[in-house]
Amino acid sequence: MQKKTEQLAQIPEMKYYVENEAKGDRVSQFLEIFASILKHSNYRMALEHYIKVSAKCGRCTSSCHVYKTTGDLKDIPCYRSELLLSIYRRYFSLEGSMFSRLFGGFELTEEHIDKMAYSFWNCTACRKCVLECPSGIDHGLLTHLARYIMAEMNLAPRALVISTREQLHGKTANTSGIPFIALKDSLEFLEEELLEITGQEIRFPIDLENAEYILFTPVSDFLMEADTLMGIAAVLHSAGISWTIGSKYYDAINYGLFYSDLVLARALRKMEEETRRLKAKKILIGECGHATRSASFLKTYWRGDDCPEMLNIMELTHDLLKEGRIKLDPSKISEKITYHDPCNIARQGWIVEQPREIIRALSNNFVEMTPNKTENYCCGGGGGTVSIDEIRKYRTLVSGKVKAEQIKKTGAHYVVAPCANCKKQFRELMEDNKVDGELVGLHDLILKAIVF
């Protein structure tokens, strides 16, 4: 235990990085913003329930990958949630406000806000703790709400704010700042690569109107995950699917999911505008857990009753495989494969079995991590923390340590992580923890095994 404590002491503490220091009376700011959000949203219903049940039993400690590594009481999910619930109970519930007037008690202070800024940005919002809570408290929801309030006070990581600023207001309209001309050059190069690899003339259609699908994939895929993107194109080509990429907006990343409902809505509106412009019938999201979950809120923010169907590329590929419209050869890949479940699509049992059935169709050497599926551990970079390079050592040696141990135990060569954020985290995680293996997307392997 002493050795573990000494090791953790060498790792920089997780901190929040403010875009601009909140000015003036932060206590008043926090309460005013909290009151406004409660007035214009439906968070109050959940909060009223949560303050009436226990939030301190500690059952969630057994599921938190951060607490398993640190053993710090501040990393217990119900401790973190109580930081926000104590404020709601005192200032916004009838019983709490009356009790405080009569007998005194808890008062919000600058110190309490600092505790929240540390603790809530420390969480990866993987929501595994929700599975263990006997009272049904969604600690992930409370993390999101607390971050939303603090974001309106400019208490948010710079990395998230800068990325979304470029996406919403910049010339490139994407989180990586990649101009369309660079994206187009990259796609033309990938078409040449596909011809050389497969012998097929596989295209990346741009601005094709009335296509069955418009593809939104994490913008990083266009430059950093070429095999994933080529694998997706190969599947759509082999099945004869009509699809397109939009030139005006092509980024599926939506960091609003991690810290602000306003940012979430604005990014989704851009997706809506591009879909309408090209008259696409359906929306297809690339290999990314958080991009898929954020796109699931389209129906909430879509302006009108004509919101199209949205699905993840793994769902479509699985359907095409079951229908016999694509064929995979399991003899092409002999190395052992394991699969990581991105929290945003697996925690509630949404996309769990589909990727596994695809892997079994292209390989006879698949091994599971333990635990897996809905109970799998977060990669350690969830909740947007992966975008904060200043805390890499925290992400890989603390938050991601449990995941590194999971991978090592499988002995797998290929580690499949179908999510842009998970891929970035895994590369750094495997390097810092000296984990052997090759990180790939699911469609990287499909590209190796597909039969035209």
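Values in this text are rule-based calculations from the coordinates and carry no lab data. This one's a predicted model, so the numbers in the text were calculated from it and none came from an experiment. When we count neighbours, we look across all protein chains shown, and the Cβ atoms used for this are built from the backbone with ideal geometry, even at glycine.
Name the one entry in Pro355, Pro418 that is in a helix (DSSP H, G or I) and touching a Leu at 6+ places or on another chain (Cβ under 6 Å). Even if it seems obvious, please write down each step before you answer.
Details: Pro418 fails: in a helix (DSSP H, G or I).
Being in a helix (DSSP H, G or I) and touching a Leu at 6+ places or on another chain (Cβ under 6 Å) holds for just one of Pro355, Pro418, which is Pro355.
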Open item on the list: Looking at segment 143-176 only, could you name the residues that are more than 18 Å from His290 (Cβ to Cβ) and surrounded by 22 or more Cβ atoms within 10 Å (Cβ to Cβ)?
Closed with: Ala146, Ile149, Met150, Leu155
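To keep it simple, each residue is scored yes or no on (1) more than 12 Å from Arg80 (Cβ to Cβ); (2) assigned to a helix (DSSP H, G or I).
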position	(1), (2)
Lys115	no, yes
Phe120	no, yes
Gly140	no, yes
Ala146	no, yes
Ile149	yes, yes
Leu155	yes, no
Open item on the list: Arg127 - would you say it is under 18 Å from Ala35 (Cα atoms) and surrounded by 17 or more Cβ atoms within 10 Å (Cβ to Cβ)?
Closed with: no
Task: Condition broken by Ile137, with the remaining ones in (1) in contact with a helix residue (DSSP H, G or I) (Cβ under 8 Å, 6 or more places away or on another chain); (2) among the aliphatic types (A, V, I, L, M); (3) surrounded by fewer than 22 Cβ atoms within 10 Å (Cβ to Cβ) satisfied - done: (3)
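Can you work out which of the residues in segment 30-64 that are part of a helix (DSSP H, G or I) and basic (Lys, Arg) is surrounded by the fewest Cβ atoms within 10 Å (Cβ to Cβ)?
Within segment 30-64, the first condition is being part of a helix (DSSP H, G or I), and the residues that meet it are 30-39, 43-50, 59-62.
Adding the requirement that they be basic (Lys, Arg) leaves 39, 44, 59.
Values: Lys39: 8, Arg44: 14, Arg59: 16.
My answer is Lys39.
Yes/no per residue for (1) in contact (Cβ under 8 Å) with a residue 40 or more places away in the chain; (2) part of a helix (DSSP H, G or I):
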site	(1), (2)
Leu321	yes, yes
Thr338	yes, no
Ala361	yes, yes
Thr374	yes, yes
Val386	no, yes
Glu390	yes, yes
Val398	yes, yes
Task: Single residue of segment 122-172 satisfying the filter (within 28 Å of Asn372 (Cα to Cα) and β-branched (Val, Ile, Thr)) that is nearest to the chain's Cα centre (by Cα) - done: Thr124
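When you scan segment 179-255 for helices (runs of 4 or more DSSP H) that lie fully inside it, which ones turn up with 1 or more residues that are without any contact (Cβ under 8 Å) to a residue 40 or more places away in the chain and surrounded by 21 or more Cβ atoms within 10 Å (Cβ to Cβ)? Show your work before the answer.
Numbers: elements: 180-198, 221-224, 226-238.
Answer list for segment 179-255: 226-238.
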TODO: Could you tell me which residue of segment 44-69 is farthest from Glu107 (Cα to Cα), considering only residues that are among the β-branched types (Val, Ile, Thr) and under 23 Å from the mean Cα position of the chain (by Cα)?
DONE: Thr69
